[in-house]
Amino acid sequence: MNAQTNFHETWVDPVDLCSNEPFTWSQFGDVQPLPPNDFESCIKPFEHVSKVWLRFVTASAADLAFTIEPFNLHDDIDFALYESEEGVPTNLVRCVATGILMDRTVDGQSNCLGMTGLSGSESDQFEPPGCDMAQNNFVNAPRTSRGQEYMLLITNYRSTMGFQLSWTEAIDLGNSICDADNNEADQLEISVNPNPATQNLFGQIQSGKAQLVNLYLVGANGTILEAQKTDLHAGANDFQLQISSYPQGHYYIFLSGIDGITAVTKFEIAK
Ligand SMILES: [Ca+2]
């Protein structure tokens, strides 16, 4: 890319959210463009190691409230919410950059790590970088109008582990930007039992098409414990994992399919 490149041209590959189901991003990987200098975002280039852009359209007026929960609960997730038009940000509306101060311990700054989001109980619109006792990870949930498009930049300062975004007020998403993506062939879902498990974990994967996926067993701290490639056929696919050698605790299974489709489930090992 040279200096003459219009940054907008590099922005047209966000992940489109087409429903109000919780959205999971299993692991940051793609290098995505930074926010342009046009906007006084509170997120600066040195403030993160990984990032992803999401895009959505509100189908009706709603309070735009969500939580973003990092899978690694000590991660520092920041975000910037922009109004946008056809994939081009036009107005920065909310920004959260709270994060730990490096000369202090993580334990004393838990109010600046972990879950973040938009909340109706907040009145501030921006949380600057840094951490003091007056700061938290939440800013005001804006009222949105029907048909408004948004782009949401989500960054992770501490790791490439992913997150789950959950809508916490009633909201309908989706319109023409989703028609091409809202395809049954993109279905990928995973469930496991028993939970908690002790010896063997039995799982079922629902896939909208035949595909080769990567399956990861991940510890609560984000460590990948096992990785395997699994050939799925369209429909229900059973699998089994021997988990007796792992200590008691919480674990995740991540699936990463072709086309960037992912699925995740959380379970517990009990002794
Ligand atoms: Ca706040």
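FYI, it's all coordinate maths here, none of it is from the lab. Values in this document were obtained by computation on a predicted structure and should not be read as measured data. Note that each Cβ is placed from the backbone with ideal geometry, even for glycine, and that neighbours are counted across all protein chains shown.
Summary table below
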| quantity | calculated |
| --- | --- |
| Per residue convex hull volume, Cα atoms of region 186-269, in Å³ | 75 |
| Kirkwood hydrodynamic radius over Cα pairs of region 71-118, then Stokes diffusion coefficient at 25 °C and 0.890 mPa s, in µm²/s | 198 |
| Mean Cα-pair separation over length for region 155-271, i.e. relative contact order, pairs under 8 Å, 6 or more apart, % | 26 |
| Cα→Cβ-extended label distance, 7 Å offset, between F239 and A61, nm | 4.6 |
| Which listed pairs, of K51/K271; K209/K271; K209/K229; K229/K271, have C-alpha distances above 26 Å, in listed order | K51/K271; K209/K271; K229/K271 |
| Cα principal axis extents for region 43-142, largest first, Å | 43, 28, 23 |
| Label-to-label distance, nm, for residues given as N111 and H74 (7 Å Cα→Cβ offset) | 2.1 |
| Cα→Cβ-extended label distance, 7 Å offset, between T160 and A210, nm | 3.1 |
| Taking all pairs of distinct alpha-carbon atoms in region 123-271, Kirkwood radius in angstrom | 18.4 |
